[in-house]
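A short write-up of the structure that comes next.
Every read-out reported here was derived from the displayed coordinates using simple, explicitly stated rules and does not represent laboratory data. As the structure is a computational prediction, the values presented were derived from the model and not from experiment. Note that we place each Cβ from the backbone using ideal geometry, even for glycine, and neighbour counts take in every protein chain shown.
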Amino acid sequence: MTLLSAAAKVRENAHAPYSQFKVGAAIRTVSGRVFTGCNVENVAYPEGTCAEAGAIAAMVAAGEREIAEAAVIADSPDPVPPCGGCRQKLAEFAGPDVPVTLATSAGASTTTTVGALLPGAFTASHMEGS
């Protein structure tokens, strides 16, 4: 199963009764393991969870810490990028050159990198000397 197909499959499990905007994400770690996540909305909107955050949480819970590749898919007119918070979450566990495939359920896709999605990322090096 490809990373994008894993993201598409988990997207179907999204809990999006308010926006109807289902998102799926899949990440492959440097060890080759794949972790997936889908968005989980809550009637109190800020309390929901993004697909990327769910995949990262599953990865960390399994003891992995380094992303080698990521994919995000949604039913949108254009390939959907991660929100700003999820870009920072990806940057926590992935280097700037890690590829991220953005896709639509209709088959359009583009590939970028974590660094292109989050130029000027806040990193641990910014906290040195604190």
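P(r) for segment 51-101: what percent of alpha-carbon pairs falls in each 10 Å bin, starting at zero?
Cα pair-distance distribution for segment 51-101, in percent: 24, 57, 17, 1.
Over the Cα atoms of the chain, each weighted equally, I'd like the Debye log10 I(q)/I(0) at q = 0.14, 0.15, 0.18 Å⁻¹, rounded to two decimals.
Scattering profile of the chain, log10 relative to I(0): -0.57, -0.65, -0.92.
Which of the trypsin sites (Lys or Arg not before Pro) across segment 55-96 are loop residues per DSSP, with 15 or fewer other Cβ within 10 Å?
Of the trypsin sites (Lys or Arg not before Pro), the ones in loops of segment 55-96 whose Cβ has at most 15 other Cβ atoms within 10 Å are ARG65.
Neighbour counts of other C-beta atoms within 10 Å: give me SER19, SER76 arranged from fewest to most.
Fewest to most other Cβ atoms nearby, the residues stand as SER19, SER76.
Show me, for segment 113-119, the HN-Hα J-couplings you get by feeding each phi into the Karplus relation (A = 6.51, B = -1.76, C = 1.60, θ = phi - 60°), rounded to Hz, glycine and proline as x.
10, 4, x, 6, 6, 9, x
How far is helix 84-93 tilted off the main Cα axis of the chain, in degrees rounded to 10, range 0 to 90?
50
Nearest 0.05, what FRET efficiency do ASN42 and ASP97 give at R0 = 25 Å with Cβ-Cβ as r?
Efficiency at R0 = 25 Å is approximately 0.15.
Summing Lys, Arg as +1 and Asp, Glu as -1, what charge do residues with Cβ under 14 Å from the Cβ of HIS15 carry, HIS15 excluded?
Charge balance in the 14 Å sphere: -1.
Ranking GLU64, GLU92 by Cβ neighbours within 10 Å, fewest first, what do you get?
Sorted ascending by nearby Cβ count, the order is GLU92, GLU64.
Show the residues, 5+ positions off or on another chain, whose built amide H is closer than 5 Å to the amide H of VAL30.
GLU66, ALA68
Find how much the distance from THR49 to ALA61 grows on full extension, using 0.36 nm per residue of separation minus their present alpha carbon separation; answer in nm with one decimal.
Going from the current span to full extension adds 2.7 nm.
Can you compute the charge dipole magnitude of the chain about its Cα centre, using +1 on each Lys and Arg Cβ and -1 on each Asp and Glu Cβ, nothing else charged? Give it in debye, rounded to the nearest 20.
The calculation lands at about 200 debye.
Tell me the angle of helix 51-61 to the major Cα principal axis of the chain, expressed in degrees between 0 and 90 and rounded to the nearest ten.
With both axes taken from Cα atoms, the answer is about 50 degrees.
Provide ARG33, ARG28 in ascending order of the number of other Cβ atoms located within 10 Å of each residue's Cβ, fewest first.
With the sparsest Cβ surroundings first, the list reads ARG33, ARG28.
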